[in-house]
Amino acid sequence: MSLLILGLIIATAVLMLLSPRAGLVATLTLGLGMLLLWQQRTPVSILLWLPWLGLLAWSLKPLRMLLITLPMLQVVKRLLPPISPTERDALEAGTTWWERDLFSGHPDWKKLLDIPKPRLSMEEQAFLEGPTEKLCEMLDDWDITHERHDLPPAVWQYLRENGFFGLVIPREFGGLGFSAQGHSAIVSKIGSRSISAAITVMVPNSLGPAELLLHYGTEEQRQHYLPRLARGEDIPCFALTSPEAGSDAGAIPDTGVVCRGTFEGQEVLGIRLTWDKRYITLAPVATVLGLAFQLRDPDHLLGSADDLGITLALIPASHPGVEIGRRHSPAAQAFMNGPTRGRDVFIPIQWIIGGRAYAGRGWFMLMNALAAGRGISLPAMGTTATKLVARMTGEYARVRQQFNLPIGRFEGVEEVLASIAGHAYTLEAARRLTCVGLDLGEKPAVISGIMKYQGTERMRDAVNGAMDIHAGKGICEGPRNRLFPIYQAMPVGITVEGANILTRSLIVFGQGAMRCHPYLLQEIRAVGLENRQHAEEEFDKLFTAHVRHVTANGLRAFVHGLSFSVFARAPHTPTAHWYRQLTRLSAAFACTSDAALGLLGGELKRREKLSGRFADALSELYLASAVLKRWEDEGRPAADLPLVDYSLARSTHAIEDHLHGILRNFPSPVAGWFLRGLLFPLGRRQQAPSDKLGHQAASLLLAPSATFDRLSAGLFISRNRSEHSGALEYAFHLVDETQGLVTRLRTAVKTGHLQEATPEAGLEAGVISPAEAQMLRDAAAAVREVIRVDDFAPEELRSTGNARARRSFAA
C-alpha cells in the first residue's frame, strides 16, 4: 500500500508540474488516499505525508508563494549580478528567431520547413552574372596583394560606377536596394576571387555609416550622405576599436566634451573630441569617418546628466585635426586598413548620427546594427572560402597521383576531404537560412554570433586540412597558389567583429540564454520591478511556468533517450530520424542549460569553459537544422544524402559530446551524475560519421557531378587556362574524361598486351586511337601545369619584399 501511494505521489508531482489544474485535482484525490493511509499510522505512512504536503503547497498559490516563490525571489535577487547599461543594450539588441525554438527543447520542425526558400531577385541574379562576374575577371589577386598592395585604379573606378558600395542602400537614395541574400551572394562570389576586393566591398555595406544612417540618421543626414555613399563619391569607414579597448568596447577611452566652439566662422554648440583608433578598415582612403566615443556634458548643455555614454558621429576626413591615411598590413592582405587619431577636434553637434536625440545611445545603435550585419559579411567570407577550398582540394586530390593512385583515394586524405565537404555543405546551408531570416525582417543577434564564429572556425579547419593535402604545393607563394592567400588571410576573419574566443565563450550562449530562453529574461525583468506586489505576482507566474518547462524537457529527454526517439515528432521525409534525434538533443540541451543557470546564476557568464560548450551545442543545433532545411529546399536530391548524413552525424555527435563535457564539469557533481542518468539513460548514442560515410562524402569531391556543382555554387569559376584556377578546372575535367582510357591501358598491361601504360605504347599496340592518345597527352600536360609551383630570381623576391615594406610603413 505504501509503495502504491509513493508511486502515486511521484506521478502526481509530474502531472502537477506539467499541468497545474490537473495537478491540483490529482493532489486532492491523492489526499483521500493519504487519509486512508493515515489510519495505519505506520512510520512509512507518516513519512509519505511530507512529500504530499509539499505537493499541496505547490498546488495552492498562497502556500506556494509563501513557502517557495518568495524565498526563491530573494535568492534570485542575490544571485543576479548587476547588469551594466552596455550589457543591457547588448542583451536587448536584435530579435530572436529559429534559435528560440532550439533553445526551448521542443523545436517546431514545421515552422522551420515553412520558412521561405532562399531566392535572389531578377535584378540580383543579373548583377551576379553581369557586373560581379566582370569584376572577378578584372581581379588578379597576386598583383593586388604582392605588387600593388592595393586594388588597381580601374577596379576602384569600376566599383564606384557599378554601385558596389551601395548594395544595401535603398534605390530612393541611389543605391541598389539588394536583399541580405543578394548582398551575401555578391560578397561570396568576389571573395572566391580576391579576399582584399571582397572586404573592400563588404565593409561599406555592413556595419558602418550607411547602415547606421538608414536606421538612425536624421533626414538631412540621409539625404546628404546616402546618395554620395551609393555612388562611391564618399568612401566610409567606422572607427570603434581603441588600443585600450578591443573586445571591451564599452570601455572606449576616446572622449567628447559638449561645449561651444567656432565652426565655419560662427559660434555653435558642438563637441570637442580626442580619439586614437586602430584596425579601421578603409580608413586610409576614407572620406567620411564614423566615430564612436564617450560623450560628457559637464556644463549640462544638453541636459542634466554629466556622462551621456557612447555616442556616434560622422566626420569628414578632411575636417581640420583628423589624422588619417596611414596603413596597417593585416596578414599581408591588400585591403585598406589603418589607424585614425584626433586631438581636441571640434565638431558641430548636428554631426552626431541621429542628431542630439541620439547622444549617448551609440552602443544601442551599434548592437542593433551588428545583430544583423554580423550575420552577413563574415559568414559569407568564411563560407565562400570553405567552398573554394573544397572545390580546389577535391580537384587537386583527383589529378595529383602518387603510386599510380589519385591522392584523394588514400584513406588518410579521404578522411580530410570528407570533413572539408561536410563543412562546405553545412556553412552554405546556414548562410542561406540566416539570410532568409534577415530578409524576413529579423535581426537574430544570437544566430549572427553563431554564424560569425562557426563560419570562420570551420573555414580554419577546412583550410588547414587543405594545406595538409596540398603539402609543398600549398606553401610556395606565387600566382599558381590559390590556397595560401586564404590560409594567410584566415586570422583576419577569426579576430574581427569579436575574436572567436570571445564570441564563443561570452556572446553566443551568454546572450542566447537571456534572449532565447522562454522565461529567463522575463524573470529578471520581474525581479527588477519597483512595485513589490506586482513583482511577486509576476515572478510567481513565470517561475511556476519555468518549473513546468524544465520538468517537461527532462521528461521528454528521458523518454526519447529510452525509446531511441521513436516517439519524437518529425516531418515525413527520408531524414526523419535526424529530426527525432535533434528533438531529443534539444530537450537535453534545454534541461542542462536550466540546471546550470539555476546552480550558477550570474556566475555562469564567468564560467567561460562551460559557457563555451553550451555555445558549441547551440551552434551545432542551428547548423544541423539548416542542413535539413537546405536538403528539403533543393528538392531532396538523393545524390546529396552522403553530405547530409555526414554533416548531421558530425553535428549530433558533437552536441552529445559537448553536453557530456558540461555534465562532467558541472558545478555540482551530484547534479551532473543525476542529469547524465536522466538525459542519457542509455549512455552516449550518437556516433561520429563512419568510415563508409566519409568515403561516400569524399568521393563527391573527386569527380564532376551535379552534387559537386551544388556544393560549390556561387563561386567564380575561371575558364582561363592561362591562370592557375582555370588550369585546374581544365585538368580536373580532362582527367575525368580520360579515366576510361587510363583503365584500358592498365588492364592491357595486366593482361600482358602492353609493357607500360603510356599513350605511345597503347597507340603502337592498337589499344587506343591517335585521338585518344592525344587526349591522354593533353591530360598529362594539364596535370604537370597544375602541380607546378612558382619560383623567382633572388632579386625579384628582394624587390617585391622591399616594395611591400615601403608601402606598409610609408606615411
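The values are calculated or read from the model by the stated rules, or taken from the named source; none is laboratory data. The structure presented is a predicted model; accordingly, all values stated were derived computationally and were not measured. Cβ placement follows ideal geometry from the backbone for every residue including glycine, while neighbour counts extend to all protein chains displayed. Calculation scope for accessible area: heavy atoms of the full protein, side chains included, ligands and nucleic acids excluded. Shrake-Rupley method; radii C 1.70, N 1.55, O 1.52, S 1.80 Å.
Worth pointing out:
- Matching option when the condition is under 22 Å from residue 701 (Cβ atoms), within 13 Å of the chain's Cα centre (by Cα) and of a type outside the set (Val, Ile, Thr), among 445, 424, 380: 380
- Residues of the range 302-323 that turn out to be without any contact (Cβ under 8 Å) to a residue 60 or more places away in the chain and open to solvent by less than 60 Å² (accessible area, probe 1.4 Å), as a count: 12
- If you go through the range 87-118 and keep only what is basic (Lys, Arg) and surrounded by 15 or more Cβ atoms within 10 Å (Cβ to Cβ), you end up with just 100.
- Tallying residues that are out of contact with any Leu (no Cβ under 9 Å at 6 or more places or on another chain) and either open to solvent by 30 Å² or more (accessible area, probe 1.4 Å) or at positive phi (or both) within the range 132-171 yields 17.
- Contact map, the range 484-508: residues that are in contact (Cβ under 8 Å) with a residue 60 or more places away in the chain and open to solvent by less than 50 Å² (accessible area, probe 1.4 Å) paired with residues that are in a helix (DSSP H, G or I) and among the acidic types (Asp, Glu), Cβ distance under 7 Å, separation 6+ or inter-chain. Pairs shown: 485/141; 505/608.
- Identity of the residue in the range 790-811, at pLDDT 80 or above and open to solvent by 60 Å² or more (accessible area, probe 1.4 Å), that ends up nearest to residue 749 (Cα to Cα): 791
- Listed by first and then second residue, the pairs with beta-carbon distance under 8 Å, at least 6 apart or on different chains, first residue in the range 391-412 and more than 20 Å from residue 714 (Cβ to Cβ) and open to solvent by less than 50 Å² (accessible area, probe 1.4 Å), second part of a helix (DSSP H, G or I) and among the aromatic types (Phe, Trp, Tyr), are 398/732; 399/732.
Yes/no per residue for (1) open to solvent by less than 20 Å² (accessible area, probe 1.4 Å); (2) in a loop (DSSP other than H, G, I, E, B); (3) modelled with pLDDT under 95:
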| position | (1), (2), (3) |
| --- | --- |
| 722 | no, yes, yes |
| 728 | yes, no, no |
| 731 | yes, no, no |
| 734 | yes, no, no |
| 741 | yes, no, yes |
| 745 | yes, no, yes |
| 748 | yes, no, yes |
| 752 | no, yes, yes |
| 755 | no, yes, yes |
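- Answer from 102, 80 - the residue that is at pLDDT below 90 and among the aliphatic types (A, V, I, L, M): 80
- Flag for residue 512 being open to solvent by less than 10 Å² (accessible area, probe 1.4 Å) and not in a helix (DSSP H, G or I): no
- Residues considered: 707, 652. Of these, the only one that is touching an Asp or Glu at 6+ places or on another chain (Cβ under 6 Å), surrounded by 15 or more Cβ atoms within 10 Å (Cβ to Cβ), assigned to a helix (DSSP H, G or I) and polar (S, T, N, Q) is 707.
- The set of residues in the range 230-257 that are outside any loop (DSSP other than H, G, I, E, B) and either within 22 Å of residue 497 (Cα to Cα) or open to solvent by 10 Å² or more (accessible area, probe 1.4 Å) (or both) comprises 231, 236, 237, 238, 239, 242, 245, 249, 250, 251, 255, 257.
- The listed residues are 359, 390, 369, and the only one of them that is out of contact with any His (no Cβ under 8 Å at 6 or more places or on another chain) and of a type in the set (A, V, I, L, M, F, W, C) turns out to be 359.
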